[in-house]
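Participant: I'd like to ask some things about the structure below.
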Amino acid sequence: MIPGNGHLLPRRRVIATRLGLVLALVVAALGIASVLVTGLPTLHTTTAAPLSVPAVVEPLGTDLRALANSITPRPPDLNPGTTQALRRAVRLIIKPAANEDYASALANLERLEEALDSATESRTGTPVSQRRAALIRQAIVDVRADLTKLS
């Protein structure tokens, strides 16, 4: 101990103790935060099974699969409620197309396009992004061309 500096040693201990306590609290807070965050569901998980397309004539089969894949739920560019509605509409196209009822498939394709128009023109916020809507519209055009040729 240095003469005249005896009072500094206890002060350093107090500072070291306080820093250790602060460090322990920070580590505990980070541990708790990581436990809480890992328990949260992720935003980009998809729980919907992919739509299956039975064997149909080509290129209709390929284009129906592209249409089905364009309506895969991926927030934020396609919200879950809109995804379900559009997937139901696509199923109503796939089923008659698989049974070679191309006129019914075309009529249902028109309904899908109307539903998409309604979703993109919503005044309460667009549940479909413009990029996603363009992808779906292109798939609709391709399927329409196939169904028209087969009708």
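FYI, it's all coordinate maths here, none of it is from the lab. In this text the structure is predicted, and so the values were computed from the model without any measurement. All Cβ positions, even for glycine, are placed from backbone atoms using ideal geometry, and neighbour counts span all protein chains on display.
Participant: Projected onto the charge dipole of the stretch 60-150 (+1 at Lys/Arg Cβ, -1 at Asp/Glu Cβ, origin at the Cα centre), which of A103, L86, Q138 gives the Cα projection farthest towards the positive end?
Facilitator: L86
Participant: Stick to the Cα atoms of the stretch 60-150, pair each with every other, and give me the Kirkwood hydrodynamic radius in Å at one decimal.
Facilitator: 13.0
Participant: Could I have the simple spin-label model distance between R13 and E100, label points 7 Å from Cα toward Cβ, reported in nm to one decimal?
Facilitator: Taking the simple label geometry, R13 and E100 are separated by 9.6 nm.
Participant: Sorting D63, D142 on the 10 Å Cβ count, fewest up front, what's the list?
Facilitator: Neighbour counts put them in this order, fewest first: D142, D63.
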